[in-house]
Amino acid sequence: MTPFQLPRQVTVLGLGLFGGGAGAARFFAERGAKVIVSDSRSPAALAESLKELEGLPIDFRFGTAIDVIQSESSTLTFAAQASHPNDNLEKYSFGLEYWFSEMVSLRMGKKFNYDYYEEDDFGGGLTFGAGARVPISTHRLNVDYAYQDLGYLDSVHRFSFGFRF
């Protein structure tokens with residue numbers, strides 16, 4: 001029989017106020033897993049739980065999204081995320097996604113304070129993308145493209161295809 005092996009990366013959704021999420025994060029971090037904690041509450045509301053996890057290599061992520069424009073034919077969504085690793089610099093990401101008739105999308109975003117981008121290079125960290133939903137009978141084909149500048153690793157182009165049935 002093989003002994004239980006812990007995962008290398010764990011995401012804790014909801015740090016909690018009563019120790020459950022903090023206990024899970026501590027358990028995995030103390031055993032060498034890369035731990036990411038995400039919670040919708042503000043850092044001030046989670047102060048006690050955050051203090052309990054001080055010193056552990058955990059990445060705390062806080063994010064939100066809001067529909068800025070919402071009409072019958074289009075939607076514009078703004079999203080923001082802050083990442084606060086205990087052992088590194090804080091990082092920030094912002095993005096916009098526009099859907100027209102729930103069939104065609106355009107996306108753009110920007111990452112700030114990532115160590116693999118030059119500080120004076122505004123183009124570093126930019127992301128762009130587009131997508132389409134194509135109805136096929138009672139099914140749907142999704143096609144997406146994304147471009148991301150990865151600094152030292154140069155540019156990355158991603159394509160994805162999905163079929164919903």
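The values are calculated or read from the model by the stated rules, or taken from the named source; none is laboratory data. Predicted model only: the values in this text are computed from it and were never measured. Cβ coordinates were reconstructed from backbone atoms using ideal geometry, including for glycine residues, and neighbour counts include every protein chain displayed.
Here are the numbers:
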{"item": "Qualifying residue in the stretch 39-51 (condition: within 30 Å of residue 105 (Cβ to Cβ), out of contact with any strand residue (DSSP E or B) (no Cβ under 8 Å at 6 or more places or on another chain) and either part of a loop (DSSP other than H, G, I, E, B) or not charged (D, E, K, R) (or both))", "result": "yes"}
{"item": "Residue within the stretch 58-69 that is of a type in the set (A, V, I, L, M, F, W, C), over 24 Å from residue 111 (Cβ atoms) and free of Cβ contacts under 8 Å to residues at least 60 places away in the same chain present", "result": "no"}
{"item": "Check on residue 24, at pLDDT 85 or above, assigned by TED's automatic domain parsing to the domain that holds residue 105 and not hydroxyl-bearing (Ser, Thr, Tyr)", "result": "no"}
{"item": "Residue match in the stretch 103-116 (condition: assigned by TED's automatic domain parsing to the domain that holds residue 152 and in contact with a helix residue (DSSP H, G or I) (Cβ under 6 Å, 6 or more places away or on another chain))", "result": "yes"}
{"item": "Residue tally, condition surrounded by 11 or more Cβ atoms within 10 Å (Cβ to Cβ) and either hydrophobic (A, V, I, L, M, F, W, C) or in contact (Cβ under 8 Å) with a residue 40 or more places away in the chain (or both), over the stretch 35-46", "result": "6"}
{"item": "Subset of the stretch 71-114 that is of a type in the set (Lys, Arg) and closer than 25 Å to residue 159 by Cβ - its residue that is modelled with the lowest pLDDT", "result": "111"}
{"item": "Only one of 95, 32, 21 that is in contact (Cβ under 8 Å) with a residue 24 or more places away in the chain, surrounded by fewer than 13 Cβ atoms within 10 Å (Cβ to Cβ) and either at positive phi or not in a loop (DSSP other than H, G, I, E, B) (or both)", "result": "32"}
{"item": "Condition check for residue 41: touching a Leu at 6+ places or on another chain (Cβ under 8 Å) and under 24 Å from residue 151 (Cα atoms)", "result": "no"}
{"item": "Residue list for the stretch 2-60, restricted to those being farther than 14 Å from residue 83 by Cα and hydroxyl-bearing (Ser, Thr, Tyr)", "result": "2, 49"}
{"item": "Matching option when the condition is assigned to a loop (DSSP other than H, G, I, E, B) and either in contact with an Asp or Glu (Cβ under 9 Å, 6 or more places away or on another chain) or surrounded by 11 or more Cβ atoms within 10 Å (Cβ to Cβ) (or both), among 63, 16", "result": "16"}
{"item": "Residue match in the stretch 132-139 (condition: surrounded by 14 or more Cβ atoms within 10 Å (Cβ to Cβ), assigned to a strand (DSSP E or B) and among the aliphatic types (A, V, I, L, M))", "result": "no"}
